[in-house]
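What follows is a short report on a single structure.
Laboratory data are not the source of any read-out in this text; all were calculated from the coordinates shown. This is a predicted model, so every value here is computed, not measured. When we count neighbours, we look across all protein chains shown, and the Cβ atoms used for this are built from the backbone with ideal geometry, even at glycine.
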Amino acid sequence: MELFDSLRFKIVRRGIKIVFPEATDARILGAAARLKAEELVDPILIGSEEEIRTAAHARGIKASGFTIIDPNKYEQWDEMVEAFVQRRNGKASKEQAEKILKDVNYFGTMLTYMGIADGMVSGAIHSTGDTVRPALQIIKTKPGVSRTSGAMIMVRGRDQEKYVFSDCAINVNPTAQELAEIAVDSAKTAELFDIEPKVALMSFSTKGSAKAAEVDKVVEATKIAKELAPQYMIDGELQFDASYVPAVAQLKAPDSKVAGQATVFVFPELQSGNIGYKIAQRFGNFEAIGPILQGLNKPVSDLSRGANEEDVYKLSIITAAQTLID
Ligand SMILES: CC(C)(COP(=O)(O)OP(=O)(O)OC[C@H]1O[C@@H](n2cnc3c(N)ncnc32)[C@H](O)[C@@H]1OP(=O)(O)O)[C@@H](O)C(=O)NCCC(=O)NCCS
């Protein structure tokens, strides 16, 4: 089944509520209208009702079916301020909270934290940091996960060749423990997309062929990841060719169950991860979907500012599907 058909099938008519803080943006409105009409998501739009209706009208969209929440008129405002102060646990006063929560990303994140929404999609007009930081501070990571990370789903061709690449977006230089957690979370993300996880922790070395502190980190991360999730096929340290090309795997890592057939590629730090997915996208003609933030208690997704309506629609479907991962 085509990737998005499978995801649509998982989420349709479940009433999953996704909050969109950038609700006057035409791309967001267009995607929200489609998601609502197809019964994939119940959109919650943040902003002034009048402004949203005007923007929707200009775009030829009927706004009547949307739930709109205006932070300036929000009935549960006091409760939200109180919950925020409690969650920040000494890091924000009531006065600071009142100010911070006027920011639509903080407001949307709090709606998600409070259970009024199930997830959030933002970032069409905000930077990654501004979109993601509220989630890191409020929603936080799941038990056993110390860092959230950003996975890309790489898809190519008619027969839908699919891989997971991570971390391509968040952690500049993860420790061995963090890298191990990224590997395990990426395996879970793979399952969501019906990809059988075979996880390669990548390096410039394969099974001791090179010596360096950077390689030691990947060796250690592989060991920790195997302990954390013995149910998954995980191996490292592997070079990319040893991970992907069966003939090279035969030569370099003949005993590995992952080498030559990896589906989840874990990069040792952000520079290689970010460069790596873009090379696959531009040289390899892969469609790059994401970044998908993994390991948060509730899903929050960061759009690229260059995103179009279709990108918003797709990332919202993914975000809704992520609410189904435990
Ligand atoms: C994601 C990012 C914006 C967070 O930056 P930041 O706000 O400066 O982070 P801080 O260190 O100040 O931490 C803020 C809070 O988030 C938490 N946090 C930061 N990174 C985290 C992570 N990866 N996972 C979980 N929590 C995290 C911190 O613990 C802190 O929580 P606290 O306030 O409750 O103590 C930052 O890691 C970043 O810019 N990464 C690179 C993103 C990027 O440029 N990518 C380019 C490709 S898209």
Task: From phi via Karplus (6.51, -1.76, 1.60), per-residue ³J(HN,Hα) for the stretch 258-272 in Hz, x at Gly/Pro - done: 9, 3, x, 9, 4, 10, 10, 10, 9, 8, x, 6, 5, 4, 5
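Given the pairs Lys102/Lys142; Lys91/Lys140; Lys17/Lys94; Lys162/Lys314; Lys226/Lys278; Lys62/Lys314, which are separated by over 18 angstrom at their Cα positions?
In this structure, Lys102/Lys142; Lys17/Lys94; Lys226/Lys278; Lys62/Lys314 exceed 18 Å between Cα atoms.
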TODO: Once you have the Kirkwood Rh of the stretch 181-289 from its Cα pairs, apply Stokes-Einstein at 25 °C and 0.890 mPa s and quote D in µm²/s.
DONE: 176
Task: Label-to-label distance, nm, for residues given as Asn285 and Thr128 (7 Å Cα→Cβ offset) - done: 2.8
Task: With Cα atoms, 0 to 90° folded angle of helix 49-58 axis to the chain main axis - done: 70
- [ ] Would you please give the FRET efficiency between Lys257 and Gln177, computed as 1/(1 + (r/R0)^6) with r the Cβ-Cβ distance and R0 = 41 Å, to the nearest 0.05?
- [x] 0.95
Open item on the list: Can you list residues from other chains, or at least 5 along the same chain, whose modelled amide H is less than 5 Å from the amide H of Gly236?
Closed with: Leu201
Open item on the list: Expected output is a single nm value to one decimal: the length gained when fully extending between Ala210 and Thr67, i.e. 0.36 nm times separation in residues minus the C-alpha distance. What is it?
Closed with: 45.8 nm
Task: the stretch 181-326: relative contact order in percent, alpha carbon pairs under 8 Å with at least 6 residues between - done: 23
Task: Nitroxide proxy distance, nm - points 7 Å out along Cα→Cβ at Glu50 and Arg14 - done: 3.9
TODO: Sort out for me the Cα centre separation of the stretch 127-205 from the stretch 1-38, rounded to whole Å.
DONE: 22
TODO: Order these peptides, 266-272, 5-11, 200-206, 150-156, by their mean beta-carbon neighbour count within 10 angstrom, highest first.
DONE: 200-206, 150-156, 266-272, 5-11
Task: Packing-based ranking, highest mean first, of 215-223, 182-190, 304-312 given that Cβ atoms within 10 Å are counted - done: 182-190, 215-223, 304-312
